[in-house]
Every structure is written in structure tokens, then in C-alpha cells.
Amino acid sequence: MSTIRVDPEKCILCGRCVETCPAHLFVMNETVTVREEEHCIECGHCIAICPEDAITHEKLDAMEFEIIGERKEISPEDMMHFLRSRRSCRVYLDREVPRDVVEQLLLAGRYAPTANNSQDVAFTVVQNPVSVKKVARMAAEFFGQTVEMLESSPEPLPPALQKNLRGMRMNYELALQGKDRVIRGAPMFIVVHASESISSQANCHYALLQMVLMAEALGLGNCINGYMVAAAEYVAEIRAELGVPEGSRVYGCMTLGYAKHRFRKIPPRREAAVQWR
Ligand SMILES: Cc1cc2nc3c(=O)[nH]c(=O)nc-3n(C[C@H](O)[C@H](O)[C@H](O)COP(=O)(O)O)c2cc1C
């Protein structure tokens, strides 16, 4: 019994599925047939593109396919302004982000592309104030130990590490004064993790960026947080606190909340290193 079926009564032989399927599963003869369906990545493109609803897939519920209808265009000018005026936020109001708003972010993350449609990105939302503080403190302590270890090294440190030493030291020293520099007092953060595979890191990064952009659209301050990723990479207790399964790695983190300040200007960027060939 096949998983993917093309109803010959409905199919008009337009060839859209043949051209669109990433795995080349559809073949056009007198009718459209399906081959090697074990290689299907369940992306749903065949069903989404068919103008006659002629295709069904055992693993994809036709009722879950939402009609796109009139596409809401974003002008290139608006898009460019949106992208250029996004800024990392490190000063937050003491205000909780409602759950339905967080769920919109997660939806944006889920809809990021994943290699082979693997959809392997998992999210940990840390919003409970006790957990937020606990994990931030654990990360700060990790940086304290790391700085101590690096500074006692008899070998000269590589320049890149030298550069990071100050930030790591500040993370720890400010934590001793009861100030949080790791996540900057954000009321919440989201960690993205995945079972380790050839594309899991990239998948997590794209999901994270979609959430960053969605957060911006929702009027939420946010900042990608490499400190938390580094701490989670090295400290098993942090991974346990975040509910990261064995064999999974934390690839990304973003802090979130309502920004205390609003940026007035777009800072310049260095010229892009571009080659045209
Ligand atoms: C991979 C990555 C890791 C980052 N880690 C941190 C971090 O741990 N703490 C922080 O305050 N900002 C962090 N940032 C934010 C960058 O500092 C910020 O994107 C950069 O300074 C440019 O500012 P903008 O985002 O406002 O354009 C990180 C950004 C990226 C892409």
C-alpha cells in the first residue's frame, strides 16, 4: 500500500508535483505515478502545490494544510528597514511576556527551514523567575571557574580567548555582587537544542533567527546569547536544568522581554567583504 497517492480522476497532469518534489518522487507518464516513496521527506510541497487536491499522503493530514490565499506582501523597503533597525536588547523591564506571545515565537521557530525537513529543533522556554536566576547564576559560576583555569595556564592564551576573558570575568564578578551579566536580567530566555547530527546546528540557528525576527515584530526586546550556549556546552547540570536530553546539544539561546529603552539610530556596519565573479 503506498503512502502517497495521486488520484487520476482529479489529476490534470499539470506537472507541478513532478517539478516541485525535492526528492523527485513523482513521474509523469500517461498518469502521474510515485516511485521510491521511502525517500519522501514529508515536506508537504506536493499537496501544497497541487491545484486540484489530487494528492494525499498517509503521514500528512490534508486538513492541516492552511490555504495561503492572498499573500500579504512586505515591501522591500519595509523589510530592509525592519532588518536594519533590529537591535540586540540588554536592558529589560520587569514585565512578564504572556504565554500566547511566547507561543507565537515558537511557531515562527518551528517554521524555519531544516535540512531534509528534519524538524529536529527542540525548545526550552525558561520563564519561571527562580529557574531563570538559577541557570544564569550557574552560568556565571562556570565563567568564574573558566577564567581561573585560563589565567593559571602556563601557556599564553590565543588572542581570541584573551579578548573574551574580560567579559567572562565580568560575568562572574558581577554575579558575586548580585548582578546578572550573562542574560542581563531578562525575564526569560529560550534555548534551542537538537540531537547531534550533520545539520542540527544550522537548523537550530535558523530557528533562532526566525524567533529573533518574530520577537522584533511582536515588539519584544531580545538578544542572542552565546554565553548561555557555552555554559550549557560544558556544564551537565545546566543541561539537566534545561531538560536537554542526553545526546542533544544546545546550539542557541535568546533572551527576551520588554525593552526598557528604544534605539533611536541604526549604527553603521563595516563594508561587506563581497566578491563578484
Ligand atoms: C552567535 C552570537 C552570540 C551572541 N552572544 C551574545 C551574548 O552572549 N551576550 C550578549 O549580550 N550579546 C550576544 N550577541 C549579540 C551581539 O553582540 C550583537 O548581535 C552584535 O553586537 C550586533 O548588535 P545588534 O544585534 O544590535 O545588531 C551574540 C550574537 C551572536 C550572533
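The values are calculated or read from the model by the stated rules, or taken from the named source; none is laboratory data. Because the structure is predicted, anything quoted here is derived from the model rather than measured. We place every Cβ from the backbone using ideal geometry, glycine too, and count neighbours over all the protein chains shown.
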Kindly indicate the residue of segment 137-159 that is farther than 30 Å from Met188 by Cβ and aliphatic (A, V, I, L, M) and also surrounded by the most Cβ atoms within 10 Å (Cβ to Cβ) among those meeting that condition.
Leu150
Among the residues of segment 56-94, how many are more than 30 Å from Cys43 (Cα to Cα) and surrounded by 11 or more Cβ atoms within 10 Å (Cβ to Cβ)?
11
Just to confirm my filter: which strands (runs of 3 or more DSSP E) fall fully inside segment 6-110 and include at least 1 residues that are under 30 Å from the mean Cα position of the chain (by Cα) and not assigned by TED's automatic domain parsing to the domain that holds Cys223?
55-57
Residue match in segment 147-158 (condition: outside any loop (DSSP other than H, G, I, E, B) and either in contact with a Cys (Cβ under 6 Å, 6 or more places away or on another chain) or of a type in the set (Gly, Ala, Ser) (or both))
no
Return the only residue of Ser131, Ser118 being on the phi < 0 side of the Ramachandran plot, more than 20 Å from the chain's Cα centre (by Cα) and of a type in the set (Ser, Thr, Tyr).
Ser131
For segment 181-206: of the residues being within 14 Å of the ligand (Cβ to nearest atom) and in contact with a helix residue (DSSP H, G or I) (Cβ under 6 Å, 6 or more places away or on another chain), which is nearest to Gln127 (Cα to Cα)?
Ile183
Of all residues in segment 177-191, which are part of a loop (DSSP other than H, G, I, E, B), touching a strand residue (DSSP E or B) at 6+ places or on another chain (Cβ under 7 Å) and over 10 Å from Arg137 (Cα atoms)?
Arg184, Gly185, Ala186, Pro187
Does Ile190 meet the test of being among the β-branched types (Val, Ile, Thr), in the same structural domain as Asp100 (by TED's automatic domain parsing) and more than 17 Å from the chain's Cα centre (by Cα)?
no
